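What follows is calculated from the coordinates using simple rules that are stated; it is not laboratory data. Here the structure is a predicted model, which is why all the values come from computation and not from measurement. Glycine also receives a Cβ, built like all others from the backbone with ideal geometry; neighbour counts cover every protein chain displayed.
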Amino acid sequence: MVTLACLLAALAFGSDLLARPFGWGRHDWDYFFFMHLAAYRSLTEFAEMPLWNPWSMGGCPYMGNPQEHFFSPWFLVHLAIGPADRDLAACNEVSGGPSVIVMVSANE
C-alpha cells in the first residue's frame, strides 16, 4: 500500500515533466547545470579543484555555495560521460524513485 502511494506521489510530482517531455532545461535547471559545468571545466580543462567559479558574476566562491554538487556521487558520472544535461537529470529522477520505495518499505 505504501509502495503504491509512493508511486502515485512520484507520478503526481513528475506529471509536469511527463506532460512536456522536451520542456526540460529551463529556469532553475539552467543554474544547476551551469554549476555542474563550472566544476567539470575546472577539473578537466584546467586540472584545478573547483574552489572558485570564474564564470559566475565575474567570479565567486564555488565551494562555499550550498548548491554545488562537487562532492555528490553523481559528479563522478559527469566526469565519466561529460557535462550534465537533461538526460542525466532523467536518470537521476528514475534512479531516485526506486530508492525511495525501498527505504519506505524497509521502515514499515
Please report Leu18, Leu11, Leu43 as a ranked list, fewest other C-beta atoms within 10 angstrom at the top and most at the bottom. Leu18, Leu11, Leu43
Once R0 is set to 41 Å, what does the formula 1/(1 + (r/R0)^6) return for the Cβ-Cβ distance between Ala106 and Glu48, expressed as a FRET efficiency to the nearest 0.05? 0.50
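If you stretched the chain out fully between Ala12 and Trp29, how much longer would it get, using 0.36 nm times the residue separation minus the C-alpha to C-alpha distance?
Here the answer is 4.2 nm.
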